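Just so you know, all these numbers are worked out from the coordinates, no wet-lab data involved. Nothing here was measured: the structure is a model prediction, and the numbers come from that model. Every residue, glycine among them, receives a Cβ derived from its backbone with ideal geometry; neighbour counts consider all protein chains shown.
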Amino acid sequence: MTGETAETNAAERRRWNDERWTALWPKRERFTNAVTPRLLDALALAPGERVLDIGCGGGMASIEAGRRVSPEGAVVGADLSTPLVELARRRAHEASAGNISFQVVSFQVVDMQHDQVPGAPFDVAMSQFGVMFFDEPVTAFANIARHLRRGGRVGFACWQSAERNPWFFALALARFLQPVPPPAEGKSPTGPFALADPERTARILRDAGFSDIRRTAIEFTVDLPEDALVDDDQLAFMGVADSDMTDARRAIDEHMARFRLGTDVSRFPLAIQIFEARR
């Protein structure tokens, strides 16, 4: 790893390689799995295409993309989290017993802000909530563009604003958490809503060399156990002190009450947006 990339996305690199966070991931990804078919349908993947999945996490979307481009296509999942890439590789190996060949899908530990991924050029770059964590977004999307063939396309799902996603519970915990430090000079804020502003996101894509930019806003609900979103482990990981845990649980209980259908299931409204563009 070069000195340049060692400083890239430093905070996100620490977070996504924290074993506590990655241990929680199989619970958390239940919250966003409903987005996968919507994203892949928008991309209209075809057999034989080569796909780069950015911020692939535990690999579920990569594996599903592999099913759509197999048997002649290929999917490379890229993520800066070593533990999540290891999880993705295990899942792909298990999936090889079904209709997908293990060779169709592979995974690399890379930071797509600067790193190069073997196998370029790709026909498609995709991401399911993986591109909001670049602290130099124009640099990152320009690097993504360089991985695409001329005329290749990018498509990614990201959140609309926090106001349109009332499930977002961090505001209810604000008094129990340390303030997020401002980004360093020349860096941009990262996080779930970093690309929520459609005009800013379109500008980033244009500045990175993309054209034919389209945005589709989608709103739907998912019915899930509450712990798919938050539980005591999540509170501890976020930095809630043991002495504040009782009050923090109370704040979460008050925030989540509006979504509960019963004791076991809650209904969460999701407001996402899918951006598509061409190199």
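Amide H to amide H distances under 5 Å link V105 with V75, where only residues 5 or more positions off or on other chains count and H is placed in the peptide plane.
Each residue of region 191-208 is assigned a 3J(HN,Hα), and the resulting list reads x, x, 10, 5, 10, 5, 6, x, 5, 5, 5, 4, 5, 4, 5, 4, 5, 8 Hz, derived from the Karplus form 6.51 cos²θ - 1.76 cosθ + 1.60 (θ = phi - 60°), x at Gly and Pro.
Taking the longest Cα principal axis of the chain as reference, the axis of helix 245-256 is set at about 70 degrees.
The mean of 1/r over all distinct Cα pairs in region 1-71, once inverted, gives the Kirkwood hydrodynamic radius of 14.2 Å.
On C-alpha positions alone, give me the angle between the axis of helix 137-146 and the longest principal axis of the chain, in degrees, nearest 10. That works out to roughly 30 degrees. Per residue, the chain reaches -9500 deg cm²/dmol at 222 nm when only DSSP H runs of four or more residues are counted, each adding -39500 (n - 2.57).
A simple rule links phi to the HN-Hα coupling: the Karplus curve 6.51 cos²θ - 1.76 cosθ + 1.60 with θ = phi - 60°, which for region 161-177 gives 5, 4, 4, 8, 10, x, 5, 4, 9, 4, 5, 5, 9, 3, 6, 9, 10 Hz, with x for Gly and Pro. Placing R0 at 41 angstrom, the Cβ-Cβ distance between D253 and R14 gives a FRET efficiency of 0.90 after rounding to 0.05.
Mind running the shape call on region 152-199? Use the C-alpha gyration tensor, a ≥ b ≥ c as the square roots of the eigenvalues: rounded below 1.5 for a/c, prolate if a/b tops b/c, oblate otherwise. Here region 152-199 falls in the oblate category.
Listed values for region 216-233 are Karplus-derived 3J(HN,Hα) couplings in whole Hz (6.51 cos²θ - 1.76 cosθ + 1.60, θ = phi - 60°), namely 10, 8, 9, 10, 7, 10, 10, 9, 8, x, 4, 6, 5, 10, 8, 7, 4, 4, and x replaces Gly and Pro.
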